[in-house]
Amino acid sequence: MTDLLGVCLSWGEGVCVVRPETGPPVEIPTTDIVSGKPVPPRPSPRLRVSPEQAQRRGMSLFPDLETEPLGGWTLRHSPSHAARRANSVLAMADLGTDPEQAYARVLAFYAERGRRAVAAVLPDTVQEQVFLDHEWGPESRDADTVFEVAGVSAVRRMLPAAPDDVELVEDGALATVRLGGRASGVAVVDGDWAGYRTIAVDPQHRRQGLALAVMSALMEWSAERGATTAYLQVLGDNEPALRLYEGIGFAEHHRYRYLAAPRPA
């Protein structure tokens, strides 16, 4: 016996027609069918990317990022950006080396740069436990961060056209969009992935659709450069932002948190 996975196109007159994932439709006499069952669709390829791989995509949002491999982890530091994403050890993959030696290098790396040691980890993992065993705790009172992804083409269909007064400034693979002093945002294209950060609206101009206008201009720019997958990151308790991005097609990929070394007494 054999299996065939696909979409049932028709069933009648003694024949079942199934369209497999690749190739032409297949006709099967119903007398040859022993059993069948519904199978949920495979998740989008962008959702099958591991959290660690998705996080590595986000490094391109900081052009001056300094990185150092540490087994399966990555030490990160940016001299010009204060964002935690650019100044923390990415600890979401198997370490592959001695945890105590790696932990010592994390402390030394950030001490050499005059920064507090911070780690980006997935909740309830062995990587998180390495830092908890050294009495690390939450870096701040912020909620866990949500990493969201979407298809660029799907998001563009949900957005209005970019306004005429939009100002877009390119700097290599990076673009900054401004709507006067009312709203702004940044995007980067790395291969077929586009990342977005610092989507900000002046408090006096909120609830006017300006965040969507900024996203529209950045999405158009990204699509012109061949991006097919979009990603961004939002704090898990920022309900207005989560609703905004989910409303235009973004879906949760994973959640992660920041831990930090205890401050000296």
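The values are calculated or read from the model by the stated rules, or taken from the named source; none is laboratory data. Note that the structure is a prediction, hence the values are computed from the model and not measured. Cβ: placed from backbone, ideal geometry, glycine included. Neighbour counts: every protein chain shown.
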Tally, over the stretch 126-156, of residues that are more than 19 Å from the chain's Cα centre (by Cα), more than 19 Å from Asn238 (Cα to Cα) and not charged (D, E, K, R): 9
Any chance Thr228 is among the β-branched types (Val, Ile, Thr), touching an Asp or Glu at 6+ places or on another chain (Cβ under 7 Å) and either outside the structural domain of Ala120 (by TED's automatic domain parsing) or farther than 26 Å from Glu170 by Cα (or both): yes
Positions within the stretch 178-208 being farther than 15 Å from Glu224 by Cα, out of contact with any Pro (no Cβ under 9 Å at 6 or more places or on another chain) and part of a strand (DSSP E or B), in sequence order: Arg178, Ala183, Ser184, Gly185, Val186, Tyr196, Arg197, Thr198, Ile199, Ala200, Val201
Lone unmet requirement of (1) surrounded by fewer than 15 Cβ atoms within 10 Å (Cβ to Cβ); (2) modelled with pLDDT of 95 or more; (3) farther than 24 Å from Pro63 by Cβ for Gly96: (2)
Failed item in (1) surrounded by fewer than 19 Cβ atoms within 10 Å (Cβ to Cβ); (2) outside the structural domain of Arg105 (by TED's automatic domain parsing); (3) without any contact (Cβ under 8 Å) to a residue 40 or more places away in the chain, with Thr125 passing the rest: (2)
Some residue of the stretch 45-66 being outside any loop (DSSP other than H, G, I, E, B), touching a Pro at 6+ places or on another chain (Cβ under 7 Å) and not acidic (Asp, Glu): no
Flag for Arg76 being touching a residue at least 40 places away in the same chain (Cβ under 8 Å) and outside any loop (DSSP other than H, G, I, E, B): no
Residue within the stretch 78-89 that is within 27 Å of the chain's Cα centre (by Cα), within 20 Å of Arg197 (Cα to Cα), exposed (fewer than 11 other Cβ atoms within 10 Å of the Cβ) and among the hydrophobic types (A, V, I, L, M, F, W, C) present: yes
Every residue from the stretch 102-116 that is assigned to a helix (DSSP H, G or I) and free of Cβ contacts under 8 Å to residues at least 60 places away in the same chain: Ala102, Tyr103, Ala104, Arg105, Val106, Ala108, Phe109, Tyr110, Ala111, Glu112
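Regarding Leu179, is this residue over 19 Å from the mean Cα position of the chain (by Cα) and in contact (Cβ under 8 Å) with a residue 12 or more places away in the chain?
Values: over 19 Å from the mean Cα position of the chain (by Cα): yes; in contact (Cβ under 8 Å) with a residue 12 or more places away in the chain: yes.
Yes, satisfied.
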